[in-house]
Amino acid sequence: MSDLGSSLYAIPEEFVEFRDLVRQIAQEQIKPRSSEIDATGEYPWDIRKLLGEQDILGLAVPEEYGGTHMGTLMLQIAVEEIAKVDASCALILMIQELGSLPIRLFGSDELKQRFLPKIATGEWSPAFALSEPEAGSDPGSMKTHAVRDGDEWVINGGKNWITNTSIADFYVVFAKTDLESGRVTAFVVEKEREGFSYGPLEHKMGIKGSPTGSPVFDDVRVPHENVVGEVGRGMSVALGTLERTRLGAAAQAVGIAQGAIDYATEYAQGRIAFGKPISTFQGLQWKLADAETKTAAARELLYKACAMADRSVRGDGFGKWSSMAKLFASDTAMDVTVDMLQILGGYGYVKDYPMERFMRDAKITQIYEGANEIQRVVIARSMVG
């Protein structure tokens, strides 16, 4: 198990205490549900309620709006602890941040008062609707558009790969509002708006307890007050949000990797072959050692980037560090889960054991919150311009 006390960063005692609370909840109340959540693909409403009651969802919201916000580092430590046992449940907390951060960073006081308190308690859950069928890594190619009509905006188009589709209470939607210049504006769209719908949900390889789908906007009208930030500055809202929330994917990846290591280590100590525990075999010891080392390095990179986010010093290269953390942690999670599955041998390949789920869940961390190829572009551009 990793120990925050050994970190280079000065983590306050209250962080350690809250981490231990989240760890206990994850191990005792979420872990027993993980296999069923994966098998049924049903959204775990009971876990969301639990996370809300324990003030864990409030980590995404400032105290003035009823949250328990203790900074980016504490938030991602909580994501990591939950992801050790269930990546889908970790995504509940990740999306509370992703869908509310645009309002928190760029929204009007009225929007903050209207939405953030219900996010803090877990009563409401948001969604972040940027990607489209032909505009994933290239959001500038989006076709969803909005036209102003008096004090309202009329939105038409469709989105794809949107987490929380079907269960979100509101969606932060990005639409082109100037087709000539391609300028984009961000809007809050409540689920009950006339003209809003969604198609069948995706059948995914992993994170099956988190619904992913394609919202549709057919002449959906929203008041001008639902604009997030400035008209025509929606891409600044999107990029300013993703620069921070990609740390959630990094934390999820670190948690998945550590969960796989912990399980494989315990298994290796109890599995007997050739008359002794397989944990005594050097070939397997090296796999464990490499996995623990890479995961520890990913965690330190994550915590470094989180500390930079909490300092909020402009021009300190935070974007590069958050991209490096997401890139390295997600690649590490994939490598580690493959190797830890190998330690279990045939048992790792069957659903009676959680290792194949760890591996399936790890893959998405290389894809969403900005594919790793895009992260490499961001990092390189920060180096060479």
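Which one, 355, 338, 146, projects farthest toward the positive side of the charge dipole computed for the chain from Cβ point charges (K/R +1, D/E -1)?
338
What whole-number distance in Å separates the alpha-carbon centres of the stretch 264-297 and the stretch 24-88?
The distance from the Cα centre of the stretch 264-297 to that of the stretch 24-88 comes to 29 Å.
Once amide H atoms are placed 1.01 Å from N in the peptide plane, what residues at a sequence separation of 5 or more from residue 128, or on another chain, have their amide H within under 5 Å of its amide H?
163, 172
Given H placed on each backbone N at 1.01 Å, which residues far from residue 153 in sequence or on other chains put an amide H within less than 5 Å of it?
222, 224
Any idea what the dipole of the stretch 31-135 comes to, in debye rounded to 20, about its Cα centre with Lys/Arg Cβ at +1 and Asp/Glu Cβ at -1?
Value, rounded to 20: 120 debye.
HN-Hα J couplings of the stretch 221-236 from phi, Karplus 6.51/-1.76/1.60, θ = phi - 60°, integer Hz, Gly and Pro as x?
Along the stretch 221-236, the couplings run 9, 10, x, 4, 4, 7, 5, 9, x, 9, 4, x, 10, x, 5, 5 Hz.
Rounded to the nearest 20 debye, what is the charge dipole size of the chain about its Cα centre when +1 sits on each Lys and Arg Cβ and -1 on each Asp and Glu Cβ?
960 debye
Rounded to the nearest 10 degrees, what's the angle between the helix 282-311 long axis and the longest principal axis of the chain, both from Cα atoms, 0 to 90?
Approximately 30 degrees, to the nearest 10.
Can you flag which of 276/351; 191/326; 49/84; 112/320; 176/320 are past 21 Å Cα-Cα? Could you put the intermediate results ahead of the total?
Working: 276/351 26 Å; 191/326 31 Å; 49/84 19 Å; 112/320 29 Å; 176/320 27 Å.
The pairs that break the limit, which is 21 Å between Cα atoms, are 276/351; 191/326; 112/320; 176/320.
Distance between the C-alpha centers of the stretch 98-152 and the stretch 191-215? Whole Å please.
When both Cα centres are located, 16 Å separates them.
Taking N as the number of residues in the stretch 4-124, what value does Rg over Cα atoms divided by 2.2 N^0.38 Å take?
1.07
What ³J(HN,Hα) values, in whole Hz, does the Karplus curve 6.51 cos²θ - 1.76 cosθ + 1.60 give for the stretch 19-34 when θ = phi - 60°, with x put for Gly and Pro?
Each residue's phi maps through the Karplus curve to give 4, 5, 5, 4, 4, 5, 4, 4, 5, 8, 10, 8, 3, x, 9, 4 Hz.
Just want the answer: with Cβ charges of +1 for Lys and Arg and -1 for Asp and Glu, which residue in 301, 261, 235 is farthest toward the dipole's positive end in the stretch 235-384?
Value computed over the given set: 235.
Give the aspartates and glutamates reachable from residue 287 as a straight Cα distance under 13 Å; neighbours fewer than 8 places away on the same chain don't count.
Within the straight-line cut-off, residue 287 pairs with 262, 335, 339.
Residue by residue through the stretch 354-364, what is 3J(HN,Hα) from phi via Karplus (6.51 cos²θ - 1.76 cosθ + 1.60, θ = phi - 60°)? Round to whole Hz and write x for glycine and proline.
x, 5, 5, 5, 4, 5, 5, 5, 5, 4, 5
Suppose the chain between residue 269 and residue 282 were pulled fully straight at 0.36 nm per residue; how much longer would it get relative to their current alpha carbon spacing? Present the calculation step by step, with values, prior to reporting the outcome.
On the way: separation 13, 0.36 × 13 = 4.68 nm, distance 1.29 nm.
Between residue 269 and residue 282, full extension yields an extra 3.4 nm.
Under the 0.36 nm per residue contour assumption, what length would be gained going from the current alpha-carbon distance of residue 108 and residue 297 to full extension?
On the way: separation 189, 0.36 × 189 = 68.04 nm, distance 3.88 nm.
Here the segment from residue 108 to residue 297 would lengthen by 64.2 nm.
Only the coordinates and a few stated rules stand behind these numbers; no lab work does. Note that this is a predicted model, so its numbers are computed, not measured. Please note: Cβ atoms are built from the backbone with ideal geometry, for glycine as well, and neighbour counts cover all protein chains shown.
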